[in-house]
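J.: My structure is below; once you've seen it, I'll send some questions.
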Amino acid sequence: MANAVVIGSGPAGLTASIYLVRAGIETTLISGDQPGGQLIFTTDVENFPGFPGGIMGPDLMTKMREQASKVGAKFIDSSVTDVDFTARPFLIKTTDMELKADTVIIATGASAIWLGLESEERLKGKGISACATCDGFFFRGKNVCLIGGGDVAIEDALFLAKIVNKVAIINRRDELRASHIMQQRAFSEPKIEFIWWHVVKEILGQQKVTGIRIENVKDGKITEILCDAVFVAIGHKPNTEIFRGKVKINPQGFIERINKSQTSVEGVFVAGDVFDFEYRQAITAAGSGAQAAMDAIRFLDKVS
Ligand code: NDP
């Protein structure tokens, strides 16, 4: 029987496992440091089809894992420390064992970069979010602040402007990193206001976000802005450290897809946020997990 190792246990890895097992492939999923991925840190998920009343992020991941387990995926709750993709079977080392695999799916995800404030940590899920598409809806008609100035920040601000009353974008310089076209769209959106040359010193609120305290980096002046939510959009860090030099990685650190979901190594596939800097949704990650599994199944058929 051919065997597969899936690295990562977010929606991409779990969906890939379900497809692989159901194709008769012995599948082991290595769940990593943070089983369940980024959804473990979210509260209500209202945009994942099949749950008309919404579902809590951790509950959704528990259900996906249950389903993968029920069809027969094996789980190793440990982290991968090294891989050898130079020859098949591929070698995967975890903190306490070594596995061999005929095919591998990398689904290690990405982590949002946060500001690193104590108040941010305390209020995560209580009005602080790194996903406007996921959480913007909860702040319909409210005033929100958004930190960042890249394409994601501006895309998020334009998305939020359709839902909320006002978006204040806090930018640490007086220019944006986002593409020209995105900038023009944001500048002509009356609900978006730019606050230049400022950094966030503290997120205000006890049980939920009530505002932010910002500092003018030029003169040190401190100001407070009232808002009901803070969206942090200062980048994502793909979890690719262990794959450096093993598969092709782009300059931003994301794994490159060479042919459909295949990486630069034949037989090694990729799914979810570890390659996808653009969509970053649970449903798109799950979809790409299915695609990677189908490509892996075809690969195994071809080489067997
Ligand atoms: P980027 O790295 O492009 O932008 C990050 C932004 O956050 C910058 O404005 C940066 O400021 C700011 N920033 C970083 N750290 C801090 C901090 N500690 N405090 C305050 N501000 C901070 O990341 P994105 O996530 O926006 O985009 C990632 C990549 O994805 C980019 O290459 C982007 O072009 C691409 N992308 C493309 C899309 C498309 O083509 N449709 C859609 C979405 C993303 P500063 O500029 O001062 O460093």
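The values are calculated or read from the model by the stated rules, or taken from the named source; none is laboratory data. Because the structure is a prediction, the values reported are computed rather than measured. Glycine also receives a Cβ, built like all others from the backbone with ideal geometry; neighbour counts cover every protein chain displayed. To get the accessible areas, we keep the full protein, side chains included, count just its heavy atoms, and leave off ligands, DNA and RNA. Shrake-Rupley method; radii C 1.70, N 1.55, O 1.52, S 1.80 Å.
J.: Quickly run through region 45-85 and pick out the residues that are in contact (Cβ under 8 Å) with a residue 60 or more places away in the chain, open to solvent by 50 Å² or more (accessible area, probe 1.4 Å) and closer than 30 Å to Thr133 by Cα.
T.: Those that are in contact (Cβ under 8 Å) with a residue 60 or more places away in the chain, open to solvent by 50 Å² or more (accessible area, probe 1.4 Å) and closer than 30 Å to Thr133 by Cα: Glu46, Asn47, Pro49.
J.: Something else about it: Among the residues of region 144-171, which ones are over 21 Å from Leu226 (Cβ atoms), within 16 Å of the ligand (Cβ to nearest atom) and free of Cβ contacts under 8 Å to residues at least 60 places away in the same chain?
T.: Across region 144-171, the qualifying residues are Gly149, Asp151, Ile154, Glu155, Leu158, Phe159.
J.: In region 279-304, what residues are assigned to a loop (DSSP other than H, G, I, E, B) and open to solvent by 100 Å² or more (accessible area, probe 1.4 Å)?
T.: Correct list: Tyr279, Ser304.
J.: I would also like to ask the following. Determine which single condition Val104 fails, assuming it passes every other condition in (1) near the ligand (Cβ under 10 Å from one of its atoms); (2) open to solvent by less than 30 Å² (accessible area, probe 1.4 Å).
T.: (1)
J.: Out of the helices (runs of 4 or more DSSP H) lying entirely within region 50-161, which hold 2 or more residues that are β-branched (Val, Ile, Thr)?
T.: 57-71, 151-161
J.: Here's something else I'd like to know. Name the residue that is farthest from the chain's Cα centre (by Cα), counting only residues in region 172-202 that are near the ligand (Cβ under 7 Å from one of its atoms) and open to solvent by 80 Å² or more (accessible area, probe 1.4 Å).
T.: Result: Arg173.
J.: Being in contact (Cβ under 8 Å) with a residue 40 or more places away in the chain and in a loop (DSSP other than H, G, I, E, B) is the filter here; which residues of region 14-33 pass it?
T.: Passing the criteria: Ala23, Ile25, Ser31, Gly32, Asp33.
J.: Being small (Gly, Ala, Ser), within 14 Å of the ligand (Cβ to nearest atom), modelled with pLDDT of 95 or more and not assigned by TED's automatic domain parsing to the domain that holds Ile25: is that true of Gly141 here?
T.: So Gly141 does not fit the description; no.
J.: Report, ordered by the first and then the second residue, all pairs with beta carbons closer than 8 Å, sequence separation of six or more or different chains, a first member in region 209-234 that is farther than 19 Å from Arg122 by Cβ, and a second member that is aromatic (Phe, Trp, Tyr).
T.: Cβ pairs passing all conditions: Asn216/Trp197; Val217/Trp197; Lys218/Trp197.
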